[in-house]
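Okay, structure first, notes after.
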Amino acid sequence: MRYAAVTLLASAILVFAIEWIFRGDLSGTIAFFAQPFKPGWTTVILFTLILIGLDAVLGRIYQGLMVVAPLTLTLAFVGHQKSLYLGDPLYPTDFLYARQIFELMPLLVRERPLTGVAMGIGIVCGLALIVYVWRQWRRRIWIMSYKGRIARLVLTLPLLAFFFSLMDYATFSWTRDRLQIIPMMWDQKENYASNGFALAFALNVPMAHVTAPKDYSEKAIAAIRKPDVAASLPDEKPDIIIVMSESFWDPTKLPGVSITPDPIANVRKLQSGEVFSPEFGGMTANVEFEALTGFTNAFLPAGSIPYQQYVRAPVPTMATFLRSEGYETRAIHPGTNWFWNRTPVYAAFGFDEFKSEENLAYMKKRGPLASDESMTDEIIREADATDDPFFFFAVSLQNHGPYEPNRYGNATHSVNAPTSQWARDSLQSYAEGAADAGTSLQRLIDWASKRERPTVIAFFGDHLPPLGPVYVETGFLKDNVAPRKESPQNMLLHRSTPLVVWSNRTGPVEKIGAVSPSFLPLHVFKAAGITHPYYTGFLSDLHERFDVIDRNLLLSDTGKATPDWSRQKELDPAVRDYRYLQYDMMFGKHHGAPSFFPETVDKLVAHTS
């Protein structure tokens with residue numbers, strides 16, 4: 001009992017020290033532990049189990065503390081320094097990109113030389129102290145009996161295994177929910193603040209490494225058929241505007257629901273097809289990732305968020321190519337610039353500038369958030385003020401959930417639905433926002449129709465809205481969210497959002513069908529008369545085989561569905577080559593750059609992980 005009590009006390013002191021070092025704020029650390037059922041105390045129990053288990057493995061009591069304490073305190077210190085200088089907490093993926101860690105050190109030494117010197121002295125002294133204490137400890141602390149070691153392992157290992165099984169935040173966990181461990185992967189700063197350094201770090205571990213596909217090599221990349229397409233643009237370079245509209249969807253698809261007037265009438269008359277979203281009700285950044293890069297989340301670990309975990313160096317995108325051709329490339333989002341880690345990601349994606357809440361002129365609100373009308377005003381204003389050809393990628397904010405009843409005081413739509421009053425009022429709020437998005441698109445179309453310069457506009461919803469009970473009460477879904485795996489017909493119903501691709505020279509593109517966001521660059525460039533080895537070459541060839549490439553579904557242009565394709569021993573050759581090329585450009589040696597992304601040659605740094 002005395003051993004357990006001392007280990008528990010040591011764990012509490014250690015976890016408190018970790019949080020204090022990472023946060024750099026004593027009052028904030030005390031507040032973190034102030035409530036008994038918050039993640040701080042769960043972390044203490046976890047550390048106690050780890051220390052007891054390590055003692056059993058090493059054979060001496062309290063020996064595990066000599067391993068865990070220096071390691072975790074060092075990680076906490078590095079995490080604090082990273083958050084100070086790079087504005088981001090420490091992720092497991094940072095150790096796959098050690099260059100980022102090393103880049104932090106000169107910055108630290110230059111701007112805080114005393115801290116740098118203290119770090120150097122601290123590292124040397126710390127290592128010497130650890131070695132000394134370790135040797136003294138082993139001489140003076142009694143050796144556990146084999147029976148005692150086995151008993152400790154029998155106690156701790158199952159509990160630790162159960163606990164670590166809770167770290168898959170992509171699936172719901174009743175136990176994790178009761179422990180108030182709430183993964184906030186869309187906002188890593190809040191994730192670390194709410195769950196604590198240790199638990200937040202652990203929640204990010206599942207995405208720490210992306211393994212190379214089987215048989216990936218320079219030879220495998222060289223064997224990919226090179227499309228007979230070179231990079232070219234029309235003599236008069238077209239301006240391109242892509243609007244990803246927050247949660248834009250057709251709510252009239254809900255069973256038994258009628259909305260008057262039609263909330264998406266403006267979009268419906270222009271509609272070119274649908275986007276098959278890889279997400280439902282959230283995770284906007286994952287849809288952005290596909291739409292801008294032409295790559296897919298299907299080849300990344302389940303539950304991962306590329307914007308947070310993997311974009312640590314330049315990644316080729318539409319913006320990268322257009323910028324190399326003299327375009328002004330600009331991202332616009334009326335929300336905060338830290339959300340989804342957009343500031344560094346957009347820079348890595350080749351955007352010249354990111355206009356966000358922090359540097360945009362005041363945008364009037366519609367409901368609680370910046371209106372679509374204001375964002376459209378900003379797009380038009382910036383376009384009119386730009387002499388060079390431009391590529392704008394805009395992400396709206398107004399129709400972000402939750403959709404509380406009576407969100408807008410001047411509602412113009414009425415909803416008839418076999419639901420509770422709350423659900424009808426919530427759906428009315430959503431319908432008002434969807435109608436505003438369609439009205440803003442029509443304004444953009446009307447403006448572009450009068451321009452002399454060729455202009456291409458693409459508009460699509462990133463995912464279905466998080467309407468929760470509305471889906472259940474109307475019978476659209478059994479639960480508040482759609483399952484990841486269901487029949488192809490239901491996946492199409494539950495994941496497809498309207499898509500418009502329009503040109504002021506030729507009007508709306510027709511009959512695109514339902515496509516993954518990764519095919520958006522192909523359709524936008526085709527409408528603009530632009531060719532590119534990857535975006536209109538490789539993706540065009542791939543699109544002849546498949547319309548949808550999702551983690552759990554392949555859908556061919558003929559409607560043939562292949563569920564659970566990723567579990568097959570042999571992939572379709574087109575999908576295999578797609579996976580090779582994506583890995584090569586995101587994590588590999590960029591062997592395919594000269595053939596598929598010539599604009600990036602000598603501008604990207606190959607990963608060494």
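The values are calculated or read from the model by the stated rules, or taken from the named source; none is laboratory data. Keep in mind that this is a model prediction, so the values were computed, not measured. Don't worry about glycine lacking a Cβ; one is built from the backbone with ideal geometry, like all the others, and counts go over all protein chains shown. Areas reflect the complete protein model, heavy atoms only, side chains present, ligands, DNA and RNA absent. Shrake-Rupley method; radii C 1.70, N 1.55, O 1.52, S 1.80 Å.
Applying the Karplus relation 6.51 cos²θ - 1.76 cosθ + 1.60 with θ = phi - 60° to the stretch 418-430 yields 3J(HN,Hα) values of x, 9, 5, 4, 4, 5, 5, 5, 5, 5, 4, 4, 5 Hz, where x marks Gly and Pro. For the residue pairs K82/K355; K38/K365; K253/K511, the alpha carbons lie more than 27 Å apart in K38/K365.
For T317, the amide hydrogen comes within under 5 Å of no other amide hydrogen, counting only partners 5 or more places away or on other chains and with H modelled in the peptide plane. Spatial offset of the stretch 59-82 relative to the stretch 330-347 amounts to 34 Å, using the alpha carbon center of each. Ligands, DNA and RNA left out, the accessible area of the stretch 216-329 computed with a 1.4 Å probe is 50% carbon and sulfur. I'd like to know which of S440, S487, S414 lies farthest towards the positive end of the charge dipole of the stretch 346-496, counting +1 on Cβ of Lys and Arg and -1 on Cβ of Asp and Glu. Looking along the dipole axis, the top candidate is S487. Magnitude of the charge dipole for the chain, about its Cα centre and with charges confined to Cβ atoms of Lys, Arg (+1) and Asp, Glu (-1), is about 2980 debye. Remark: the chain is approximated by an ellipsoid whose semi-axes, taken from the C-alpha gyration tensor as √(5λ), come to 46, 29, 24 Å, largest first. Taking every alpha-carbon pair within the stretch 477-609, the share separated by more than 26 Å comes to 35 percent.
Measuring between alpha carbons in the structure, the pairs from K219/K569; K485/K569; K189/K569 lying more than 30 angstrom apart are K189/K569. Using heavy atoms of the protein chains and a probe of 1.4 Å, the accessible area assigned to I143 is about 110 Å². Per-residue ellipticity at 222 nm from helix content only, as computed over the chain with -39500 (n - 2.57) for each DSSP H run of at least four residues, stands at -14000 deg cm²/dmol. Taking amide H as placed 1.01 Å from N in the peptide plane, N337 has its amide H under 5 Å from the amide H of E357, E358, each at least 5 places away in sequence or on another chain. A P(r) calculated from all alpha carbon pairs of the stretch 1-95, with 5 Å bins opening at zero, reads 2, 14, 20, 22, 19, 14, 7, 2, 0 percent.
The angle separating the long axis of helix 284-293 from the principal Cα axis of greatest extent in the chain is about 60 degrees. Residue ranges 425-432, 177-184 sort as 425-432, 177-184 when ordered by packing (mean number of other C-beta atoms within 10 Å per residue, highest first). Of the solvent-accessible surface of the stretch 479-523, computed with a 1.4 Å probe and all protein chains present, 53% belongs to carbon and sulfur. Here is the list for the stretch 504-609: GluC sites (Glu not before Pro) lying in DSSP coil, each with at most 13 other C-beta atoms within 10 angstrom of its C-beta, are E510, E544, E570. Under conditions of 10 °C and 1.306 mPa s, the stretch 400-450 yields 132 µm² s⁻¹ as its translational diffusion coefficient, taking Rh as the Kirkwood radius over Cα pairs in the Stokes-Einstein equation. For the stretch 64-75, the Karplus equation 6.51 cos²θ - 1.76 cosθ + 1.60, evaluated at θ = phi - 60°, returns couplings of x, 4, 5, 8, 6, 4, x, 5, 6, 5, 5, 4 Hz by residue, with Gly and Pro reported as x. Per residue, the accessible area of the chain comes to 43 Å² when a 1.4 Å probe rolls over the protein heavy atoms. Less than 5 angstrom separates the built amide H of D557 from those of F546, D547, all sequence-distant by 5 or more or on a different chain. Per-residue accessible area for K226 at 1.4 Å probe radius, Å² rounded to 10? The accessible area of K226 comes to roughly 80 Å². Overall, the stretch 263-412 carries a charge dipole of about 440 debye about its Cα centre when +1 sits on the Cβ of Lys and Arg and -1 on the Cβ of Asp and Glu, all other atoms neutral. Expressed as a whole percent, the accessible surface of the stretch 541-582 that belongs to carbon and sulfur atoms is 43, based on a 1.4 Å probe. Under conditions of 4 °C and 1.567 mPa s, the stretch 325-406 yields 96 µm² s⁻¹ as its translational diffusion coefficient, taking Rh as the Kirkwood radius over Cα pairs in the Stokes-Einstein equation.
Residue-wise HN-Hα couplings along the stretch 46-57, as the Karplus relation 6.51 cos²θ - 1.76 cosθ + 1.60 with θ = phi - 60° gives them from phi, are 4, 5, 4, 4, 5, 5, 5, x, 5, 4, 5, 5 Hz; Gly and Pro carry x.
Note on the stretch 147-269: Cα-only Rg and Dmax are 25.6, 81 Å. With semi-axes defined as the square roots of five times the eigenvalues of the C-alpha gyration tensor, the equivalent ellipsoid of the stretch 390-483 measures 31, 16, 10 Å, largest first. Sorted into 10 angstrom bins from 0, the C-alpha pair distances of the stretch 289-366 split as 18, 46, 29, 8 percent. For the stretch 312-466, the pair-distance distribution built from all alpha carbon pairs, in bins 10 Å wide starting at 0, is 10, 34, 33, 16, 6, 0 percent.
Our note on the geometry: Cα centres of the stretch 503-532 and the stretch 274-304, 19 Å apart.
Considering the dipole of the chain built from charges on the beta carbon (Lys and Arg +1, Asp and Glu -1) around the Cα centre, which of T156, P517, A76 is farthest to its positive end? It is T156, whose Cα lies furthest towards the positive end. Each principal axis of the Cα cloud of the stretch 434-546 was evaluated for its coordinate range; sorted largest first, these ranges are 49, 35, 18 Å. For the stretch 198-238, the alpha-carbon radius of gyration amounts to 2.23 times the rule-of-thumb value 2.2 N^0.38 Å expected for a compact globular protein.
Picking from P368, T343, F390, whose Cα lies most toward the positive end of the charge dipole for the stretch 313-413 (charges on Cβ: Lys, Arg +1; Asp, Glu -1)? It is P368, whose Cα lies furthest towards the positive end. Beta-bridge orientation, the chain: approximately 50 percent antiparallel, per DSSP, counting only bridges with both partners inside.
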